[in-house]
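Structure first, commentary second.
The values are calculated or read from the model by the stated rules, or taken from the named source; none is laboratory data. Since we're looking at a predicted model, the values are computed, not measured. Methodologically, a virtual Cβ is constructed for each residue, glycine included, from the backbone with ideal geometry; neighbour enumeration extends over all protein chains shown. Only protein heavy atoms, including side chains, enter the accessible area calculation; ligands, DNA and RNA are left aside. Shrake-Rupley method; radii C 1.70, N 1.55, O 1.52, S 1.80 Å.
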Amino acid sequence: MKKLLIAGNWKSNKTAREAIEWLGNFKLETQAPVVLFVPFTLLYPLKQEIDRLQIPIELGAQDVSPFPDGAYTGEVSARQIKDLADWVIIGHSERRKHFGETDEILEKKVSQARLAGLQIIYCVGDDVTVVPQGVDTVAYEPVWAIGTGKSDTPENANTVVGVIKAKTHVPVVIYGGSVTPENVSLFVSQEGIDGVLPGGASLDPIKFATLIKNACNLR
Ligand code: PGA
């Protein structure tokens, strides 16, 4: 049985109070590895609460500075993230689009994350985008499928994931883009797809727990 990775991306949502409330309503019925990618401001309060309640969720940041600690106002370094989390998303299409992140910047981010010992999910929108060395997991997320309710077909996602694996030799490739509790099993039942990266469907704790349960029932 292949190990599934379920990674929720909260994007720029939730206050600390809302995040703690979410955790209180999140009832996990399976053993699948779950990682929650949350805004920087939520890493500390969520870590405290996850440790206190002994919930099997790992935490991740949604971005990282391309620089080490130092005079980079507004940035959060990989070392600061590693203090509170084990994972980071790099290269999400929203960062490429709204914040002008280029392949060159993203390579620096990967390098900083690796130095700090963070596990990286590197997002690509297709099978031609360059994936830097040292990435642990790739997320295939077609831009047109993100937040639109129109996911890729499981068959096409599987084909693209296969090409990414062959080209990059990254062993774990997951799919993201309008994943829901209803369609998740169609994706994870594909041979090459090792997990999913839901955004919108991770914001509600009951919906997210159902999504995880539906994903795991098949494996
Ligand atoms: P979505 O977002 O599930 O809301 O489409 C996925 C993502 O952007 O990671």
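A few notes on this one:
- Applying a threshold of 8 Å to beta carbon distances and a minimum spacing of six or more residues, or different chains, the list of pairs starting in the range 167-179 at a residue that is within 15 Å of residue 200 (Cβ to Cβ) and modelled with pLDDT of 95 or more and ending at one that is open to solvent by 10 Å² or more (accessible area, probe 1.4 Å) and of a type in the set (Gly, Ala, Ser) reads 176/199; 177/151; 178/147; 178/149; 178/151; 178/200; 179/151.
- Every test in (1) open to solvent by less than 40 Å² (accessible area, probe 1.4 Å); (2) of a type in the set (A, V, I, L, M, F, W, C); (3) within 13 Å of the ligand (Cβ to nearest atom) is passed by residue 143 save one, and that test is (1).
- The range 163-184 - residue that is open to solvent by less than 30 Å² (accessible area, probe 1.4 Å) and in a helix (DSSP H, G or I) and, of those, farthest from the ligand (Cβ to nearest atom): 164
- Candidates 111, 93: the one that is among the polar types (S, T, N, Q), open to solvent by 10 Å² or more (accessible area, probe 1.4 Å) and under 13 Å from the mean Cα position of the chain (by Cα) is 93.
- Condition check for residue 60: open to solvent by less than 70 Å² (accessible area, probe 1.4 Å), closer than 23 Å to residue 4 by Cα and not in a helix (DSSP H, G or I): yes
- Residues (within 11 Å of the ligand (Cβ to nearest atom) and open to solvent by less than 10 Å² (accessible area, probe 1.4 Å)) located in the range 185-204: 196, 197, 198, 201, 202
- Single residue of 75, 107, 94 found to be among the acidic types (Asp, Glu) and touching a residue at least 40 places away in the same chain (Cβ under 8 Å): 94
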